[in-house]
Amino acid sequence: MLDKTVADFETAVADVHDGATILIGGFGASAVPTELVCALLEQGARELTIVNNNAGNGPVGLSQLIAAGRVKKMICSFARSSNKLRPNAVAFAEAYRGGRIELECVPQGTMAERMRAAGSGLGPFYTPTSYGTALAEGKETRIEDGVGYVLEHPLKGDFAFIKAQYGDRWGNLTYRYAGRNFGPVMAMAAKTTIAQVDRICPLGQLQPEHIVTSGIFVKRIIEVQRDQHA
Amino acid sequence: MHKKLSREDIARRVAADIPDGYYVNLGIGIPTLIARYLPDDREVILHTENGIVGMGPGDEEAPLDLDLINASKEPVTLIPGSSIADHTDSFAMMRGGHIDLTVLGAFQVSAAGDLANWDTGHPDAIPAVGGAMDLVVGARNVYVTMEHTTREGVPKIVQTCDYPLTGESVVDRIYTDLAIVDITDAGLLVTAMVQGLSFEDLQALTAAPLQLKQQIMRL
C-alpha cells in the first residue's frame, strides 16, 4: 500500500541535512508552509540555502530561521519588506546588512522557470527576462531574431516544503485560490517534496481532473491539526 | 500658468485608453488606481503575477483572505469568469506575450524606452526585483505612469537612465502629470499636453529631445 502520510512534523523534516537546498512555497503570506518551517527550526539543520519568493514574511517561520543563523543563502525575487509600514523581512535585512547571509536576486518568472526546468529534466535555457540589466551580468547571452536572451540554469531542491488545501495518501494535491502559486513547480523540482495540507481525504475522493499536483511529485504529506497552527 | 494632473487624473486618462477585452497587469502606485476608472461598458481583465486572471477590487467588508491577494499583497476578489494559474503559467502569460498591456511606475524612462523601476542603485538598498523584469519583456504593450519630474524638479524622461535598468527598449508610452509621450522609432513623440503648457516648457522639463505631434490633445 502506498501511504505517504506522516503523523507529525518532527518526523516529516527529520532527514533534512546541513547544507540542504530547500524550496519553500508561498507568495507573501499566502500558502506559506509555516508549520514545516517551524519544525525545521526545531530540527536544527544549518548552512541551508532557501528558495522562496520573499525573504521572510513576518516574525514567524523563515525570519526565525534566518535570525537563528541557520540560512547561508537566500534565493528569492523580492527580499525587501513588501510593506513599509509593517516591515516583514526584518531578520533578513539585518543578516544581509551584517554580511551574515548571501542573496541571489532572481526575477520571479525566471525563478519559477528554473525550477520547472529542474523538475522537467531540462538543462539550461534562454529567457529574455533581465537581458541588458544588472541581473544578467556575467551570464551567457545570445541574440535570436533581434531579441536578447540570457542563459539560466535549472534550480533544484533537496527538499520542497509546500502548502496545499486538500490531499490524499498518494500525495495528490489541490490548492485554495491563489494559494497555488509556487506549490506545483516546487513540488516537481525537489528530490523530497513535503506537503502540508488542511485535510487529508480518503483516496479517490478528490476529483482526478481537479487535482493540480499529482502525487507522483510528492513524497510526504501531513495534515495540519488546528492546534498545530502557528 | 499650466495645471498638473493629479494621480487620479493620470489613472483616469490611462483607463480611458484601454480597449475592451484587454488582459492587463497593473503595477504598484498610480497603476493600481486605474482599476477604479475602467469604463463600465468594457470588459478589461486584470492579471496579477501570483496567478489570478480576472481580479476584482478588494472587499473592505470581507475578512482578509490570504489566498486572494495581488502582487502588492493587498486583498482582491474573484469575479465571474476568473481563473487561477500557478506561478509558471502566470509568468508564461507575461513572457509569452499573452498580456496585452502592463502599466507600471518608473524612476526613469530613456528616449529609447529603457525602463528603470526596480532598484534605486543605493548601496544600502536590498536588491528586490519581483516580477518587473518578466513583465516588461513579455507584455505586448508597456505603459508607464509617473510624475514628469522628481519632487526636486529633475526630469525623469532622460537620454540614458542612470538608475539600474529593468529592461531595454521596453516602454511604448509614458503618461505623466504634464503630457502623454509615445516612444517611437523616430524618438519621443508628444501626443497630449496639459492646458496652458507650451511645448518649450515641456521640453525644458525633459532631459531628452521631444517631438510634437501635429494634432495634439489637451488634457
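The values are calculated or read from the model by the stated rules, or taken from the named source; none is laboratory data. Please read these numbers as outputs of a predicted model, since none were measured by experiment. Every residue, glycine among them, receives a Cβ derived from its backbone with ideal geometry; neighbour counts consider all protein chains shown.
Considered as a group, the residues in region B:42-69 that are within 12 Å of chain A (Cβ to nearest Cβ) and free of Cβ contacts under 8 Å to residues at least 24 places away in the same chain include one that is surrounded by the fewest Cβ atoms within 10 Å (Cβ to Cβ), and that residue is B:64. Scanning region A:7-52 for residues that are in contact (Cβ under 8 Å) with a residue 60 or more places away in the chain, over 30 Å from residue B:64 (Cβ atoms) and hydrophobic (A, V, I, L, M, F, W, C) returns A:7, A:16, A:20. The set of residues in region B:86-144 being within 12 Å of another protein chain (Cβ to nearest Cβ), of a type in the set (Lys, Arg) and in contact with a His (Cβ under 9 Å, 6 or more places away or on another chain) is empty. Counting only helices (runs of 4 or more DSSP H) that sit completely within region B:29-143, those holding 3 or more residues that are among the β-branched types (Val, Ile, Thr) correspond to B:30-34. Filtering A:79, A:67, A:45 for residues that are at pLDDT 95 or above and over 18 Å from residue A:19 (Cβ atoms) leaves a single hit, A:67.
Please work out if residue B:165 is of a type outside the set (S, T, N, Q), surrounded by 20 or more Cβ atoms within 10 Å (Cβ to Cβ) and not in a strand (DSSP E or B). Spelling it out, residue B:165 is indeed of a type outside the set (S, T, N, Q), surrounded by 20 or more Cβ atoms within 10 Å (Cβ to Cβ) and not in a strand (DSSP E or B).
Among the residues making up region A:172-228, a single one is modelled with pLDDT under 95 and either in contact with a helix residue (DSSP H, G or I) (Cβ under 7 Å, 6 or more places away or on another chain) or under 17 Å from residue B:89 (Cα atoms) (or both): A:228.
Residue-level check: of (1) surrounded by fewer than 18 Cβ atoms within 10 Å (Cβ to Cβ); (2) not in a loop (DSSP other than H, G, I, E, B), residue A:37 misses just (1). For region A:76-132, the set of residues classified as within 20 Å of the chain's Cα centre (by Cα), of a type in the set (S, T, N, Q) and either buried (at least 20 other Cβ atoms within 10 Å of the Cβ) or facing another protein chain (nearest Cβ under 8 Å) (or both) consists of A:77, A:81, A:82, A:88, A:108, A:110, listed by residue number.
Can we say residue A:162 is under 16 Å from residue A:22 (Cβ atoms) and buried (at least 21 other Cβ atoms within 10 Å of the Cβ)? Taking the combined requirement at face value, the residue satisfies it. Within region A:6-33, the set of residues being in contact with a His (Cβ under 9 Å, 6 or more places away or on another chain) and surrounded by fewer than 20 Cβ atoms within 10 Å (Cβ to Cβ) is empty.
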